[in-house]
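Beneath this line is the structure, given in structure tokens, with notes to follow.
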Amino acid sequence: MRLFNIGGEGQLYIGAITGAAAGLYFGGNGGPSAFAIAAMVIAGCAGGAAWALIPGILRAFFRTNEIITSLMLNYVAGYLLTFLIFNSQSYWRQTSGFNASVFPTSKDLPNSALWPAATVHVHGGVALPLGAGIALLVAAVLWVLYSRTRFGFEATVLGDSPRAARYAGMRTRRKIIAVMAISGAIAGLGGASQDGDFRHTLDADPNGMQRQFYGYSGIVVAALARYNPLAVLLVAFLIGGLQNAGNSLQGADFPSGLVGVIQGIILFSALGGELLVRYRIRVSRRRRPAPEPAPEAT
Amino acid sequence: MNHSLAVVLIASGITYGTPLLYAALGELLAERSGVLNLGVEGMMLIGAVMGFWTVQRLHADTGLALAAAVGVAALAGAVVASIHAFLVITLRASQIVSGLAVTIFAGAAGLSSYLGNDFNLGENPARHTFHAVFPASFQRWPIVGPIVFDHNVLVYVSWALVVAVWLYLTRTRPGLNLRAVGDAPGAADAMGIDVIAYRYAHVLAGGAFAGVAGATITLGINTQWVDGITNGAGWIAIALVIFAFWRPELCLVGAYFFGALQDLQPELQARGIHLGPTALWTNALPYVMTIVVLVLVSASSTRRWLGAPAALGTPYVREER
């Protein structure tokens, strides 16, 4: 709805923090694994949503530019994440054991808080993490929300013509806040999935989760998918593959920066291509100023 | 030399605020022409890496090497800005998405990191760096010494630039034309002003300024290359333009304010001052303050975007005039 949440990165960190807290707390008590995982999902969503509510509320009530506020909060979230592990004795930090006394590390999640993965047996086994399954579900829900419900319709109208929406009596503020919260919740879910699916701990390593820039890549994905949740699945697969390929190819021949370069070029091309969607290019020879009369050869 | 915390913070506010000032002035020029460029962070990083590269690879004496480095940084910033300019001015793409694309393309995980890696810039500190212009005896003067005389040439150039931009916008024909282009491109076009050319020129100039801003960091402040060395300064610069109401003289005040915030952490640490989780709040403070000031600006003034160019963010299509 023409609302730009650039804070996915920070919301993902916060979701990872709250998700890890839930995982450590509920996973450690010997309860059923499904319960711990559900708690992580909910906590991740809640954390991300809370973080996104800040720019959302500021935008709704003070009309503060949400691009800049949400972006600034990325840095704040990054510092918070680093602080929790490196500069404090927080709940997330491993405080006992030999390694912890040498270098600050975070607590490992208990086994019952690790997310299961379904293995598909093609080409020697492809693991589909639980987070991917949830993502499918989220995409489907978003698609229904935006194409089949009143909420989605109103959000679309608000984006296309805020004035028309206001005259029609739609609640602008409430919608801005709700949309931002949903957006943040999904980003936070991504953070919880990072904990449960991949890293199995709250990863504060400056070369770990924070070097992946998932939140920023997410913007690329959304823009390339032209803000269609179903297309996002496909594009995310493409960009994710690209990023992962970048990670495993990294070395002398493939320095890290190329991932961003490629993403940028794809985005530039897609943006330039928009012109062809919106306009029809007609090549017509520019009419020359009337040629000077040729001297008659009679 | 022991100066009070206030003097030190003002002096370091000027040092650390200078990159912000360059970047904000550049963004101001672009926005005054009606083009929002969210790629400042990326352009700064490209300027930072290319300026640093020049200093490491060019065999020349210090003055020449540094001048060349600033030139290369400006050029590199302008080249990156030209992508944005082409996309949003000629191809009429969304300025917001295109600016973000520039930052992703050139930013901490993009071209700047690639170049830094490829040139092996991370290994050594800069061979030539900017130093204070005035002799040390000047700097020992109380208060004025550290605040006015303890700076490198880029700081003094930036002061001249603030005046120059102010004069340009208010006292010269092209400057007035520029404001017309940003406020009412249709009317400007009818007056015979080349809207497209003005927009290109000022977006490129903005990129050049951002490039210099980046070089200010790698050659004047940190004197080394690290991926993502700007750490969000480009975004703070964009916010600065908004709460400076698109006026160069206020950009200066804001830039130094945020510069001082950036230096708060080492200063407090050096003085052994601890207030709660110091490592957290002093690091996060510039970003939080950006939000706070932005909220104050957008909430307090009845005319929300006081001084904002009316056509900011919209492409100019002559056929749709």
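Regarding residue B:34, is this residue of a type in the set (Gly, Ala, Ser), over 24 Å from residue B:88 (Cα atoms), touching a residue at least 24 places away in the same chain (Cβ under 8 Å) and crowded, with 24+ Cβ neighbours inside 10 Å?
When the stated conditions are applied, residue B:34 does not pass them.
Would you check if there is a residue in segment B:19-26 being crowded, with 24+ Cβ neighbours inside 10 Å and closer than 28 Å to residue A:273 by Cβ?
Scanning segment B:19-26 turns up no residue that is crowded, with 24+ Cβ neighbours inside 10 Å and closer than 28 Å to residue A:273 by Cβ.
Within segment B:220-229, can one find any residue that is among the acidic types (Asp, Glu), surrounded by 17 or more Cβ atoms within 10 Å (Cβ to Cβ) and under 28 Å from residue A:76 (Cβ atoms)?
Checked against the condition, which is being among the acidic types (Asp, Glu), surrounded by 17 or more Cβ atoms within 10 Å (Cβ to Cβ) and under 28 Å from residue A:76 (Cβ atoms), segment B:220-229 yields at least one hit.
Restricted to segment B:201-248, and to residues that are in a loop (DSSP other than H, G, I, E, B) and free of Cβ contacts under 8 Å to residues at least 60 places away in the same chain, which residue is farthest from the other protein chains (Cβ to nearest Cβ)?
B:222
Just wondering, is there one or more residues in segment B:33-43 that are in contact with a Leu (Cβ under 7 Å, 6 or more places away or on another chain) and in a helix (DSSP H, G or I)?
no
Is segment A:2-22 home to any residue that is touching a Gly at 6+ places or on another chain (Cβ under 8 Å) and surrounded by fewer than 22 Cβ atoms within 10 Å (Cβ to Cβ)?
yes
Would you check which residues across segment A:53-89 are farther than 17 Å from residue A:8 by Cα and crowded, with 18+ Cβ neighbours inside 10 Å and list them?
Hits for segment A:53-89 are A:60, A:64, A:82, A:83, A:84, A:85.
Out of the helices (runs of 4 or more DSSP H) lying entirely within segment B:72-169, which hold 2 or more residues that are more than 14 Å from every other protein chain (Cβ to nearest Cβ) and more than 26 Å from residue A:281 (Cβ to Cβ)?
Answer list for segment B:72-169: B:136-139.
Could you list, in sequence order, the residues of segment B:279-308 that are modelled with pLDDT of 75 or more, more than 7 Å from every other protein chain (Cβ to nearest Cβ) and in a helix (DSSP H, G or I)?
B:281, B:282, B:285, B:286, B:289, B:292, B:293, B:296, B:297, listed by residue number.
Of a type in the set (A, V, I, L, M, F, W, C), in contact (Cβ under 8 Å) with a residue 12 or more places away in the chain, closer than 30 Å to residue A:127 by Cβ and assigned to a helix (DSSP H, G or I), is that true of residue A:198?
So residue A:198 fits the description; yes.
Out of (1) hydrophobic (A, V, I, L, M, F, W, C); (2) crowded, with 16+ Cβ neighbours inside 10 Å; (3) at pLDDT 95 or above, what's the single condition that is false for residue B:163?
All conditions are met except number (2).
Kindly indicate whether residue B:311 is more than 14 Å from chain A (Cβ to nearest Cβ), over 30 Å from residue B:53 (Cα atoms), surrounded by 20 or more Cβ atoms within 10 Å (Cβ to Cβ) and at pLDDT below 85.
When the stated conditions are applied, residue B:311 passes them.
Go through B:182, B:175 for me and flag whichever is of a type in the set (Gly, Ala, Ser), part of a helix (DSSP H, G or I) and touching a residue at least 60 places away in the same chain (Cβ under 8 Å).
It is B:182.
Taking helices (runs of 4 or more DSSP H) that do not extend beyond segment A:1-102, which have at least 3 residues that are small (Gly, Ala, Ser), away from chain B (no Cβ under 14 Å) and free of Cβ contacts under 8 Å to residues at least 40 places away in the same chain?
In segment A:1-102, the matching helices (runs of 4 or more DSSP H) lie at A:33-62.
Return the only residue of B:115, B:111, B:100 being surrounded by 22 or more Cβ atoms within 10 Å (Cβ to Cβ) and either without any contact (Cβ under 8 Å) to a residue 12 or more places away in the chain or under 18 Å from the mean Cα position of the chain (by Cα) (or both).
Selected residue: B:100, the only one of B:115, B:111, B:100 that is surrounded by 22 or more Cβ atoms within 10 Å (Cβ to Cβ) and either without any contact (Cβ under 8 Å) to a residue 12 or more places away in the chain or under 18 Å from the mean Cα position of the chain (by Cα) (or both).
Any residue in segment B:15-24 that is assigned to a helix (DSSP H, G or I), over 26 Å from residue A:67 (Cα atoms) and away from every other protein chain (no Cβ under 14 Å)?
Yes - at least one qualifying residue is present in segment B:15-24.
The values are calculated or read from the model by the stated rules, or taken from the named source; none is laboratory data. Every value quoted in this text rests on a predicted model; they were computed, and no experiment measured them. Cβ atoms come from the backbone with ideal geometry, glycine included; neighbour counts cover every protein chain shown.
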